[in-house]
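I have placed the structure first, in the form of structure tokens, so that the comments after it can refer back to it.
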Amino acid sequence: MAAISRADAVWTGDLTSGSGRVKPASGAFGELPVSWASRAESQHGKTSPEELIAAAHAACFNMAFSNGLSKAGHKVEQLNTNAAVEFVPGTGITSVTLTVRGRVGGIDDAEFQKEAAAAKEGCPVSKALSGNVELRLEAHLES
């Protein structure tokens, strides 16, 4: 059976001077304010759809990467991933760069890179974005 995730959004006013809020149905976090300025100018204290996509992509990638590493027999100590979603007003989302730093036992850098690339291609958020935006990866194995 498919899992369905839900969120609600409310918007008041026009695009540039209006504002809104988003809230996940799960209650995992409270309501978050959104505005055009937070989207186009990275305003502190408010989020954007792109920031929420970045959070979802980083989490999804970590889950896929951890799974692939574990299935290959490696002990995952920690994966720290940053997802940078580039938004160009008038164009939209143009790229996502995933930067991961990982501590993984029993692996060399070549295998780490291979598993990271597989996770980038295989995580469901990457699949949803693939063909629409450029997906980049920087993977760093730490000791």
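Would a scan of the range 65-79 turn up a residue that is aromatic (Phe, Trp, Tyr) and either in contact with a helix residue (DSSP H, G or I) (Cβ under 6 Å, 6 or more places away or on another chain) or surrounded by fewer than 17 Cβ atoms within 10 Å (Cβ to Cβ) (or both)?
Pass one, the range 65-79, residues aromatic (Phe, Trp, Tyr): 65.
From the residues that got through so far, the ones that are either in contact with a helix residue (DSSP H, G or I) (Cβ under 6 Å, 6 or more places away or on another chain) or surrounded by fewer than 17 Cβ atoms within 10 Å (Cβ to Cβ) (or both) too are 65.
Yes: one or more hits.
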Worksheet entry | Residue ID - surrounded by the fewest Cβ atoms within 10 Å (Cβ to Cβ), chosen from residues in the range 116-143 that are over 14 Å from the mean Cα position of the chain (by Cα) and assigned to a loop (DSSP other than H, G, I, E, B) | Ser143
Response to the item:
Across the range 1-14, the tally of residues that are under 19 Å from the mean Cα position of the chain (by Cα) and surrounded by 11 or more Cβ atoms within 10 Å (Cβ to Cβ) stands at 1
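Mind checking whether some residue in the range 50-58 is touching a helix residue (DSSP H, G or I) at 6+ places or on another chain (Cβ under 7 Å), in contact (Cβ under 8 Å) with a residue 12 or more places away in the chain and β-branched (Val, Ile, Thr)? Give the derivation first.
Applying the first criterion (touching a helix residue (DSSP H, G or I) at 6+ places or on another chain (Cβ under 7 Å)) to the range 50-58 yields 50, 56-57.
This time we only want the ones that are in contact (Cβ under 8 Å) with a residue 12 or more places away in the chain, so: 50, 56-57.
Imposing the further condition that a residue be β-branched (Val, Ile, Thr) reduces the set to none.
No, every residue in the range 50-58 fails to be touching a helix residue (DSSP H, G or I) at 6+ places or on another chain (Cβ under 7 Å), in contact (Cβ under 8 Å) with a residue 12 or more places away in the chain and β-branched (Val, Ile, Thr).
Taking the residues in the range 101-113 that are surrounded by 12 or more Cβ atoms within 10 Å (Cβ to Cβ) and either of a type outside the set (Asp, Glu) or at pLDDT below 95 (or both) as candidates, determine which candidate is nearest to Glu50 (Cα to Cα). Outline the logic, then answer.
Residues of the range 101-113 that are surrounded by 12 or more Cβ atoms within 10 Å (Cβ to Cβ), as a first pass: 101-104, 107, 111-113.
From what is left, the residues that are either of a type outside the set (Asp, Glu) or at pLDDT below 95 (or both) are 101-104, 107, 112-113.
On the way: Arg101: 22, Gly102: 24, Arg103: 28, Val104: 29, Ile107: 33, Phe112: 28, Gln113: 26 Å.
My answer is Arg101.
Considering each residue of the range 15-49, count those that are aliphatic (A, V, I, L, M), in contact (Cβ under 8 Å) with a residue 24 or more places away in the chain and surrounded by fewer than 19 Cβ atoms within 10 Å (Cβ to Cβ), and give that number.
First, pick out the residues of the range 15-49 that are aliphatic (A, V, I, L, M): 15, 22, 25, 28, 32, 34, 37, 40.
Filter again for in contact (Cβ under 8 Å) with a residue 24 or more places away in the chain, leaving 22, 34, 40.
Cutting the leftovers down to surrounded by fewer than 19 Cβ atoms within 10 Å (Cβ to Cβ) gives us 22, 40.
Residues flagged as aliphatic (A, V, I, L, M), in contact (Cβ under 8 Å) with a residue 24 or more places away in the chain and surrounded by fewer than 19 Cβ atoms within 10 Å (Cβ to Cβ) within the range 15-49 amount to 2.
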Worksheet item: Hey, does the range 80-100 have a residue that's surrounded by 15 or more Cβ atoms within 10 Å (Cβ to Cβ), over 27 Å from Ser5 (Cα atoms) and modelled with pLDDT of 95 or more?
Response: no
Fill in: Check on Val96, under 16 Å from the mean Cα position of the chain (by Cα), among the aliphatic types (A, V, I, L, M) and more than 14 Å from Phe65 (Cα to Cα)
yes
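The values are calculated or read from the model by the stated rules, or taken from the named source; none is laboratory data. If you're wondering where the values come from, they're calculated on a predicted model, not measured in any experiment. When we count neighbours, we look across all protein chains shown, and the Cβ atoms used for this are built from the backbone with ideal geometry, even at glycine.
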